[in-house]
1. Could we say that B:Ala8 is at positive phi, buried (at least 19 other Cβ atoms within 10 Å of the Cβ) and under 24 Å from the mean Cα position of the chain (by Cα) here?
2. Scan C:Ala176, C:Ala119, C:Ala141 and give me the residue that is hydrophobic (A, V, I, L, M, F, W, C) and within 14 Å of another protein chain (Cβ to nearest Cβ).
3. Quick check on B:Arg157: is it within 19 Å of the chain's Cα centre (by Cα), of a type in the set (Lys, Arg) and surrounded by fewer than 21 Cβ atoms within 10 Å (Cβ to Cβ)?
4. Of the conditions (1) outside any loop (DSSP other than H, G, I, E, B); (2) within 26 Å of C:Arg82 (Cα to Cα), C:Gln28 satisfies every one except a single condition; which number is it?
5. Taking the criterion of being within 20 Å of C:Ala106 (Cβ to Cβ), at pLDDT 95 or above and touching an Asp or Glu at 6+ places or on another chain (Cβ under 6 Å), would at least one residue in region C:165-177 satisfy it?
6. A:Asp158 is checked against (1) without any contact (Cβ under 8 Å) to a residue 40 or more places away in the chain; (2) in contact with a strand residue (DSSP E or B) (Cβ under 9 Å, 6 or more places away or on another chain); (3) assigned to a helix (DSSP H, G or I) and fails just one. What number does that condition carry?
7. If we scan region C:66-84, do we find a residue that is more than 20 Å from the chain's Cα centre (by Cα) and assigned to a loop (DSSP other than H, G, I, E, B)?
8. Only one of (1) more than 7 Å from every other protein chain (Cβ to nearest Cβ); (2) at pLDDT 95 or above; (3) touching a Pro at 6+ places or on another chain (Cβ under 9 Å) fails for A:Pro161. Which number is that?
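The values are calculated or read from the model by the stated rules, or taken from the named source; none is laboratory data. Quick caveat: nothing in here was measured; it's all calculated off a predicted structure. Glycine also receives a Cβ, built like all others from the backbone with ideal geometry; neighbour counts cover every protein chain displayed.
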Amino acid sequence: MPTIRFFAAARDAAGTTLWQCDGTTVQQALDCAAQTFGQPLAQLLPYCTVMVNEEQADRTTTIDAGSEIALLPPVSGGAGSRIHCGILTVSDRASAGTYVDKTGPALETLLQAAAISVAKRALVPDEQAAIESTLRDWIAASIDVIFTNGGTGLSARDVTPEATRAVVERELPGIAEAMRSAGRQKNPLADLSRQVAGTAGRTLVINLPGSPTAATECLEAVLPLVEHAVTILRGTKDAHAN
Amino acid sequence: MPTIRFFAAARDAAGTTLWQCDGTTVQQALDCAAQTFGQPLAQLLPYCTVMVNEEQADRTTTIDAGSEIALLPPVSGGAGSRIHCGILTVSDRASAGTYVDKTGPALETLLQAAAISVAKRALVPDEQAAIESTLRDWIAASIDVIFTNGGTGLSARDVTPEATRAVVERELPGIAEAMRSAGRQKNPLADLSRQVAGTAGRTLVINLPGSPTAATECLEAVLPLVEHAVTILRGTKDAHAN
Amino acid sequence: MPTIRFFAAARDAAGTTLWQCDGTTVQQALDCAAQTFGQPLAQLLPYCTVMVNEEQADRTTTIDAGSEIALLPPVSGGAGSRIHCGILTVSDRASAGTYVDKTGPALETLLQAAAISVAKRALVPDEQAAIESTLRDWIAASIDVIFTNGGTGLSARDVTPEATRAVVERELPGIAEAMRSAGRQKNPLADLSRQVAGTAGRTLVINLPGSPTAATECLEAVLPLVEHAVTILRGTKDAHAN
């Protein structure tokens, strides 16, 4: 029989992670789930992204006994499942008060426009211990995604990549490659950025460069994958708990 | 005097690796080799790729006393020198029998069309020990190239990159970059794949993602370099043995 | 008050690194600096690149009390501040005299055309100890940038990336990515190059591939960022010394 794997709020509504369903199309399987689990799930279904055997699908996709339907609620949609991010500005000058941080506010504007809630904001000097400590606090607080900005260059004081590597459990080289690849089109200096990305627990950490222009360009390059990554990481955490 | 470096089947036919030749063009040098080493080599020569001082050349290229001609037989051509690959599907669900592996067969079709022989097929769960063990067996069996599929994402169970890194001696970051760069054009989520590639002994190991579409797209992106890599790795092994 | 940060020759001319200035535009701040520090600085100012808060700016850019103006002299311009590079050819055959190195001279021609002085040239076999030793000597001699060529492939003898990694303190993955990305457009085999880049002290080290064509293409891909990187690294060194 085909199977539905519920993610995040869909799992909460269904009260289970995996469930065997009936039907020969996605729509029939979802109707069957709505009847079984009732209102909370039925209300969420129209807004869910559907994948069949790990490929994006729509309601008319046909399924067979071996199919697994993944049901992904809109992460940044409903209150409970909205993405919560932290913005960590790393700058000696800004933290000493001799310069007003313009990158943090620029990122905040862009993230709010993307319906991502900015739950944490901090400003630390280019000190590895201070950066690591803030990252660890926010990871412990289950922030979905942390965007650092600054400290990724060649100067002796630039240590954000080192602090990030000390904290993440798994690196995601593709995110850094995508940001540099996007930056390279506009500015050859983008390739001097040593920015990294990775995951720690259920938190995604992404280094952005220090200048407002470069940081917002990099954020725009990876925003389309942040929501998907957060959905998977939330599932991962719960999979652990189960 | 110019030198010919014989690779793989050409070396077997000549019975030597390096040989000093005469002539002021590639064609003259090859004629000279054919006369010296006889039929087995003469039959192979028309099908060989020729490089002069590490750059692709043709039969009319002029050579001098310092030139080194590399003679590379068509790897996927003749029976003895055909590329042998292994396809390792990594999937909890497929190995538990709750899902039929579609990615392995899709890769097999594509590889056979490219005249690459599929010498090994296996299906293991997302367990690092099981993945490593299969990789090591196939490397010991001198499989030319191993394509894994699955287990490269963000989920807690995804450990294929870790298993691969534990097995390879040298990473080839360009192969992973090329696959993500190709994937990025079509799907921003491609950058969440942590796939790696590298070499162990004379075996090339390449991680592909889990979905049939993404895996075949990635394979197509790197297929043009696989034959060349295998030729070099076969030469490397023999260079060691000599 | 706005601040000017003087780099390299500008710092030598001003006799200081950081200086608080007056004015509401970059031009006014520079006029103010010229009056204070006199001829040596005034003569240099028209040739300097100006950045305000880490973004490229021109003389009409407005500034406020929190602005920091970075003043970057033309590195490859004046005699004292010209970039000095080293070219290290890594090749068993060339160092044994059985092949004449063509890549080193091709790079030298290109670098001189870019107004970069070739201060060091050497040829070593594919031996990790020999490569490391030359790199360390040139780093100790404060060479601005070292271009190696050769030894980045898959052969057992290729160890240039390993030698480079043993010497650099921080890797710059974007430089290697940019070179492979440029190479990939022309030759799929570019992705087999394991070339790396990084910094050691105030020296930038960049691996280029072995063939003259590939090496010059890679150099052209990263030349636009070399001057900027050297400026920052020179600033870094002096920041340390101060």
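1. It is true that B:Ala8 is at positive phi, buried (at least 19 other Cβ atoms within 10 Å of the Cβ) and under 24 Å from the mean Cα position of the chain (by Cα).
2. Details: C:Ala119 fails: within 14 Å of another protein chain (Cβ to nearest Cβ); C:Ala141 fails: within 14 Å of another protein chain (Cβ to nearest Cβ).
Only one candidate passes the filter, namely C:Ala176.
3. No, not satisfied.
4. Among (1) outside any loop (DSSP other than H, G, I, E, B); (2) within 26 Å of C:Arg82 (Cα to Cα), the lone unmet condition for C:Gln28 is (2).
5. Yes, the conditions are met somewhere in region C:165-177.
6. If we test A:Asp158 against (1) without any contact (Cβ under 8 Å) to a residue 40 or more places away in the chain; (2) in contact with a strand residue (DSSP E or B) (Cβ under 9 Å, 6 or more places away or on another chain); (3) assigned to a helix (DSSP H, G or I), just (3) comes out false.
7. yes
8. Here A:Pro161 meets the rest and fails (3).
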